[in-house]
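What follows is one structure encoded as structure tokens, with my remarks underneath.
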Amino acid sequence: VRKQSQITSFFTPG
Amino acid sequence: MLELRLVQGSLLKKVLEAIKELVTDANFDCSATGFSLQAMDSSHVALVALLLRSEGFEHYRCDRNLSMGMNLNNVSKMLRCAGNDDIITLKADDGSDTVTFMFESPNQDKIADFEMKLMDIDSEHLGIPEAEYHAIVKMPSAEFARICKDLSSIGDTVVISVTKEGVKFSTRGDIGNANIVCRQNTTVDKPEEATIIEMQEPVSLTFALRYMNSFTKATPLSNTVTISLSSELPVVVEYKVADMGYIRFYLAPKIED
């Protein structure tokens with residue numbers, strides 16, 4: 001089973 | 001004071017149609033570099049980055065950096081009132097809570113002003129690191145749109161795999177499964193019809209087709225699309241906006257639980 005990851009876990013604020 | 005005059009106004013109309021399904025509200029940022037936007041969809045699964053470089057405008061005046069919050073559906077309503085051949089000018093005064101879209105017909109016999117209210121939007125700006133991609137696929141944008149549409153009638157997710165054989169788009173669903181392989185093809189009449197695959201190493205990633213289909217709303221902007229893939233990273237689906245900039249869609253992969 002694959003889970004949808006979020007953009008915010010790859011790119012950080014800044 | 002902000003004044004941006006875009007002779008090819010249809011580009012701005014197409015840009016809005018490309019992103020309004022994905023993003024509801026966004027800040028448009030103006031600086032000496034150009035007119036840009038970065039926004040995520042409400043689930044924070046996809047991110048869109050738009051850049052229209054200042055050199056691409058016939059006239060570009062931006063006295064100080066300005067961030068204008070807009071509801072994209074409302075912008076789209078305004079821009080749909082512009083003719084496809086119209087020249088579009090965006091105007092805003094410092095400290096104003098409105099932006100004006102001016103539409104001029106090509107022979108200057110009709111000039112329209114549409115003033116729209118701006119809104120305060122709290123959005124966090126994300127730093128997008130430079131990445132070395134394992135594989136970069138450039139293909140006709142209409143072909144990519146067709147593949148996403150076709151596969152979404154079978155399944156909800158697409159596995160994009162690049163090997164030296166080509167790029168494979170696969171899905172599976174209740175009724176069965178489907179695989180579409182596109183091979184590198186540079187022996188075409190026009191360069192925009194080519195499929196070019198640059199692979200450093202094989203890569204395979206899984207994505208939600210719903211978002212991919214949403215990205216293909218940008219197809220009218222460009223004959224080609226570039227898909228950049230690296231394992232463990234969001235895919236980048238890029239459409240050029242004439243020679244003045246780009247729309248890049250970033251989509252987070254589906255990962256093993």
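Since every read-out is calculated from the coordinates, none of them should be taken as a lab result. As the structure is a prediction and not an experimental result, all values here were calculated from the model. Note that we place each Cβ from the backbone using ideal geometry, even for glycine, and neighbour counts take in every protein chain shown.
Computed quantities for the displayed model
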| quantity | calculated |
| --- | --- |
| Unit charges on C-beta of K, R, D, E only; dipole of the protein assembly as shown, Debye | 760 |
| Total charge dipole magnitude, chain B, about the Cα centre, Cβ charges on Lys, Arg, Asp, Glu only, Debye to nearest 20 | 700 |
| Anchor B:Lys138: aspartates and glutamates whose Cα lies under 20 Å away (excluding residues fewer than 8 positions away in-chain) | B:Glu130, B:Asp150, B:Glu165, B:Asp189, B:Glu192, B:Glu193, B:Glu198, B:Glu201, B:Glu238, B:Asp243 |
| Cα gyration tensor category, rounded, prolate or oblate, for the stretch B:122-195 with a/c compared to 1.5 | oblate |
| Dipole axis of the stretch B:120-182 (+1 Lys, Arg; -1 Asp, Glu on Cβ), positive-most option in B:Ile160, B:His125, B:Ile175 | B:Ile175 |
| Stokes-Einstein diffusion coefficient of the stretch B:1-136, Kirkwood radius over Cα pairs, 25 °C, 0.890 mPa s, in µm²/s | 157 |
| The stretch B:67-97: trypsin sites (Lys or Arg not before Pro) in DSSP coil with no more than 15 other Cβ atoms inside 10 Å | B:Arg80 |
| Overall Cα dimensions of the stretch B:181-257 - principal axes, largest extent first, Å | 45, 25, 20 |
| DSSP-assigned coil residues among GluC sites (Glu not before Pro) in the stretch B:20-78, each with at most 14 further Cβ atoms within 10 Å | B:Glu58 |
| Under 24 Å, Cα to Cα: Lys pairs in the stretch B:140-251, sequence gap 8 or more or different chains | 10 |
| Candidates per chymotrypsin sites (Phe, Trp or Tyr not before Pro) in the stretch B:1-70, loop by DSSP, up to 12 other Cβ within 10 Å | none |
| Percentage, to the nearest whole number, of Cα pairs in the protein assembly as shown over 24 Å apart | 51 |
